[in-house]
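**Q** Before we start, here is the structure in question, set down as structure tokens.
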Amino acid sequence: MGGQYRITGDKYPRMRRPRGRRRLVFLVVASVTALGLVGWGTLQLIDVFTGKGDKATAAGTKGDCTSRTGPSAKASATSTAAGTLPRPGQITVNVLNATPRSGLAKQTADELKKRGFRIGDVGNATAAYDKKVNGAGILLGAKGAAQAALPVLGTQLSGAEVKTDGRAQADRVDLIIGTAFKSLTKKEDADKALATLSGPRPAASASPKSC
């Protein structure tokens with residue numbers, strides 16, 4: 001070979017590919033990638049503005065609301081509401097007379113026993129309450145009884161005042177009879193009040209509008 005490609009000695013010239021072709025291939029690949037990303041982003045924006053992406057979420061939320069208001073949810077709410085209140089047979093009542101009328105504590109205790117309550121002490125009220133209760137009576141118990149034993153006992157004596165003290169035993173409460181006491185609530189009325197108190201309470205999630 002002559003000219004600048006003439007071979008002399010043991011060295012040979014390198015034959016390189018033109019750099020322009022590599023740049024062209026790189027530019028083509030980069031352009032295709034960029035177009036693909038732009039197209040994908042455009043589709044995502046279309047889904048957002050047309051609301052298609054929200055349909056799946058809305059469908060999932062609707063399904064959750066249905067499951068919460070189904071029979072199993074209602075059964076769970078019923079058992080929870082009923083389970084928070086003790087039955088009359090689980091409550092021990094001390095019947096104490098704070099009036100001058102004799103025999104009133106025993107008479108009241110006997111009636112409560114017929115209605116299923118357990119009876120503890122029966123007698124006169126302590127000096128702190130004797131002749132000092134002007135209303136129908138006072139229901140007295142531990143703080144833990146305020147949402148349990150005392151409301152159940154309250155169904156048997158309308159108008160009774162509810163108080164708590166520092167005792168630890170929540171299932172043993174006092175019924176202190178006041179001077180305005182005439183008799184316990186009629187049994188049929190007391191039974192209705194107890195059924196209402198122990199019945200299921202409507203849950204907020206039961207309303208379809210909450211979804």
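**Q** Are any of the residues in the stretch 173-196 at negative phi, part of a loop (DSSP other than H, G, I, E, B), under 31 Å from the mean Cα position of the chain (by Cα) and not basic (Lys, Arg)?
**A** No, because not a single residue in the stretch 173-196 is at negative phi, part of a loop (DSSP other than H, G, I, E, B), under 31 Å from the mean Cα position of the chain (by Cα) and not basic (Lys, Arg).
**Q** Which fully enclosed helices (runs of 4 or more DSSP H) of the stretch 28-129 have 2 or more residues being at pLDDT below 95 and of a type outside the set (Val, Ile, Thr)?
**A** Qualifying helices (runs of 4 or more DSSP H): 52-68, 71-83.
**Q** Name every residue in the stretch 149-170 that is in a strand (DSSP E or B) and farther than 21 Å from Thr84 by Cα, in order of residue number.
**A** The answer is Glu161, and nothing else.
**Q** Looking only at the stretch 155-171, which residues are over 11 Å from Val133 (Cβ atoms), open to solvent by less than 70 Å² (accessible area, probe 1.4 Å) and either touching a residue at least 40 places away in the same chain (Cβ under 8 Å) or of a type outside the set (Lys, Arg) (or both)?
**A** Taking the stretch 155-171 and keeping what is over 11 Å from Val133 (Cβ atoms), we get 155-159, 162, 164-171.
Going one step further and asking which of them are open to solvent by less than 70 Å² (accessible area, probe 1.4 Å), we end up with 155-157, 164-165, 167, 170-171.
The answer is Thr155, Gln156, Leu157, Thr164, Asp165, Ala170, Asp171.
**Q** In the stretch 133-147, is there at least one residue being open to solvent by less than 70 Å² (accessible area, probe 1.4 Å), under 18 Å from Thr84 (Cα atoms), modelled with pLDDT under 95 and part of a loop (DSSP other than H, G, I, E, B)? Quick ask: steps written out before the conclusion?
**A** Of the stretch 133-147, the ones open to solvent by less than 70 Å² (accessible area, probe 1.4 Å) are 133, 135-142, 144-146.
Checking which are under 18 Å from Thr84 (Cα atoms) leaves us with 141-142, 144-146.
If we keep only those that are modelled with pLDDT under 95 too, we end up with none.
No: zero hits.
**Q** Tell me which of these Ala148 doesn't satisfy, since it passes every other one: (1) touching a Pro at 6+ places or on another chain (Cβ under 6 Å); (2) farther than 16 Å from Thr164 by Cα.
**A** (2)
The values are calculated or read from the model by the stated rules, or taken from the named source; none is laboratory data. Quick caveat: nothing in here was measured; it's all calculated off a predicted structure. Positions of Cβ are generated from backbone atoms using ideal geometry, with glycine treated the same way; all protein chains shown enter the neighbour counts. Side chains included, ligands, DNA and RNA excluded: accessible areas come from the protein's heavy atoms. Shrake-Rupley method; radii C 1.70, N 1.55, O 1.52, S 1.80 Å.
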